[in-house]
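The values are calculated or read from the model by the stated rules, or taken from the named source; none is laboratory data. Bear in mind the structure is a predicted one, so any value in this text is a computation, not a measurement. In this analysis, Cβ positions are derived from the backbone assuming ideal geometry, glycine residues included, and neighbour counts consider all displayed protein chains. All accessible areas refer to the heavy atoms of the entire protein, side chains included, with ligands and DNA or RNA removed. Shrake-Rupley method; radii C 1.70, N 1.55, O 1.52, S 1.80 Å.
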Amino acid sequence: MKGLDTNIYDIVCVSPRNHMVFTPLLASTCVGTLEFRSVAEPIGRIQPAISKSPGSYFFLANCNAVDVQNHVLVIASGAEASTFGIKGVKEHATFLREVSHAQEIRRKLLLNLMLSEVPGLSEEEKIRLLHCVVIGGGPTGVEFSGELSDFIMNDVRERYSHVKDYIQVTLIEANEILSSFDVRLRDYATNQLTKSGVRLVHGVVKDVQSQKIILSDDTEVPYGLLVWSTGVGPSPFTKSMEFPKSPGGRIGVDDWLRVPSVQDVFAVGDCAGFLETTGKPVLPALAQVAERQGKYLAAMLNQIGKEGGGHAHCVGDKELGAPFVYKHLGSMATVGRYKALVDLRKSKVGGKRSVSHGICQLVYLAISISDPCGKLEEQILCSG
Ligand SMILES: Cc1cc2nc3c(=O)[nH]c(=O)nc-3n(C[C@H](O)[C@H](O)[C@H](O)COP(=O)(O)OP(=O)(O)OC[C@H]3O[C@@H](n4cnc5c(N)ncnc54)[C@H](O)[C@@H]3O)c2cc1C
């Protein structure tokens, strides 16, 4: 949306959220390291035309169907947190995808800290209230656990010292933490988290109740705060659309990010995936994928517009140029205590460029804060 030439196109954006969330820093807002406003950018600031140009608008609304007959559409509706159909997750756990989730986590954490000091509370209840359980050892779960343990070591010890020995963070993962990272980085992360007091548990959740979770071996884990972070899958909106689907159920796209079989419909980001017929893998649900697909599509549509296209039914007649090619620039994750991991391999099984020490936290934060659009990331990681 940001890259579209507004002299050629009117832009209409429909979303139930009027801001973009800079998700890599969301975990830091849960414990007050960053303020919520630092990670949210109003859409009107990203693309001013939607609040100024006569033909461009932002509609605060949910889209629940698509009329492909009456035309040109880019679908970028994201994904939804996966719950694997486990009973009680939606009712009792908090996800970490939106600013409202981070606010809810912060509210619950502070409330539990206060409640645990109320006189007359049993030891058992105090331990439960102050047990923060994170499900899912991907980058989000690990980063959030790291932030929480920093918060406990710094703020809780000082400001809630009566209950400092009761608070505990447990990270539960079915396989291994940070499974997409190089094995040495995984070991490093495990050591760092353990040193910070995070309890790592290998387990599979089968049921979530209001005050405890049940693992597949029937172990009961009481909790006061439960954060669910087990990856993302297609949203009900994505599932409901009668478009071809990629493996994994995302909206299927060809090499130019077009949805085949309907004209003038494109899909980018977490909701889209290459069709099996392209021979390309479905790309990871990452901002670095979404951002580059968005830029690619904006450039392509601008070119089509300059050549006199850009109207309904005319994309099919135009030369679309080079197909979209994704080059993975690496992955980063913080693990608390000013430590971070940077994995510069091009793929899971690729080369050996991986780093893990204090300086990485600085690199990570410098990139994240100063360059949310990813230009600096490209330079630093490529020269790494
Ligand atoms: C905590 C966290 C940390 C992350 N860290 C990183 C990281 O370090 N690096 C990285 O590359 N990626 C990271 N990601 C992933 C990254 O945030 C996503 O890949 C990226 O946001 C996907 O962009 P998108 O535009 O496809 O979808 P989204 O950013 O999810 O945007 C989708 C938009 O569509 C709207 N929408 C949904 N349904 C509808 C509907 N029916 N009608 C209208 N609008 C709708 C939503 O409200 C939302 O505004 C992280 C994600 C999380 C949750």
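Condition check: in contact with a Ser or Thr (Cβ under 7 Å, 6 or more places away or on another chain), within 16 Å of the ligand (Cβ to nearest atom) and not acidic (Asp, Glu). Does GLY197 satisfy that? No; evaluated as a whole, the condition is false for this residue.
Here's the yes/no breakdown for (1) of a type outside the set (Gly, Ala, Ser); (2) at pLDDT 60 or above:
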position	(1), (2)
LEU275	yes, yes
ARG292	yes, yes
VAL325	yes, yes
GLY330	no, yes
GLY351	no, no
GLY374	no, no
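The combined condition, being under 21 Å from GLU291 (Cβ atoms) and away from the ligand (no atom under 11 Å from the Cβ), is fulfilled by LEU4.
Name the residues in segment 27-57 that are in a strand (DSSP E or B) and farther than 30 Å from SER229 by Cα, would you?
The one that is in a strand (DSSP E or B) and farther than 30 Å from SER229 by Cα: TYR57.
Surrounded by fewer than 21 Cβ atoms within 10 Å (Cβ to Cβ), in contact with a Gly (Cβ under 8 Å, 6 or more places away or on another chain) and of a type in the set (Asp, Glu): which single residue out of GLU220, GLU176, GLU147 fits that description? Within the list GLU220, GLU176, GLU147, the selection yields GLU176.
Residues checked against (1) in a loop (DSSP other than H, G, I, E, B); (2) polar (S, T, N, Q); (3) in contact (Cβ under 8 Å) with a residue 12 or more places away in the chain; (4) away from the ligand (no atom under 16 Å from the Cβ):
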position	(1), (2), (3), (4)
ASN70	yes, yes, yes, yes
VAL74	no, no, yes, no
SER77	yes, yes, yes, no
GLY85	yes, no, no, yes
GLU91	no, no, yes, yes
ARG97	yes, no, yes, no
GLN103	no, yes, yes, no
ARG107	no, no, no, yes
LEU111	no, no, no, yes
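In segment 23-39, which residue that is open to solvent by 30 Å² or more (accessible area, probe 1.4 Å) and more than 8 Å from the ligand (Cβ to nearest atom) is nearest to LYS295 (Cα to Cα)? Taking the candidates together, the pick is SER38. Pairs meeting the criteria (first residue in segment 278-290 and under 24 Å from MET1 (Cβ atoms) and assigned by TED's automatic domain parsing to the domain that holds VAL259, second residue of a type in the set (Phe, Trp, Tyr) and more than 13 Å from the ligand (Cβ to nearest atom), beta carbons under 8 Å, at least 6 apart or on different chains) are VAL282/PHE274; LEU283/PHE274.
Taking the criterion of being at pLDDT below 95, exposed (fewer than 15 other Cβ atoms within 10 Å of the Cβ) and either away from the ligand (no atom under 12 Å from the Cβ) or not in a loop (DSSP other than H, G, I, E, B) (or both), the only residue of segment 58-68 that qualifies is ASP67.
Quick check on MET153: is it more than 16 Å from the ligand (Cβ to nearest atom) and either in a loop (DSSP other than H, G, I, E, B) or closer than 21 Å to LEU200 by Cα (or both)? Here the answer is yes, as MET153 does meet what is asked. Among the residues of segment 319-337, the ones that are in a loop (DSSP other than H, G, I, E, B) and either under 27 Å from ALA189 (Cα atoms) or open to solvent by 60 Å² or more (accessible area, probe 1.4 Å) (or both) come to 8 in all.
Yes/no matrix, rows are residues, columns are (1) closer than 20 Å to GLY137 by Cβ; (2) within 11 Å of the ligand (Cβ to nearest atom); (3) not in a strand (DSSP E or B):
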position: ILE214; (1), (2), (3): yes, no, no
position: LEU226; (1), (2), (3): yes, no, no
position: THR238; (1), (2), (3): no, yes, yes
position: GLU242; (1), (2), (3): no, no, yes
position: GLY248; (1), (2), (3): no, no, yes
position: ASP255; (1), (2), (3): no, no, yes
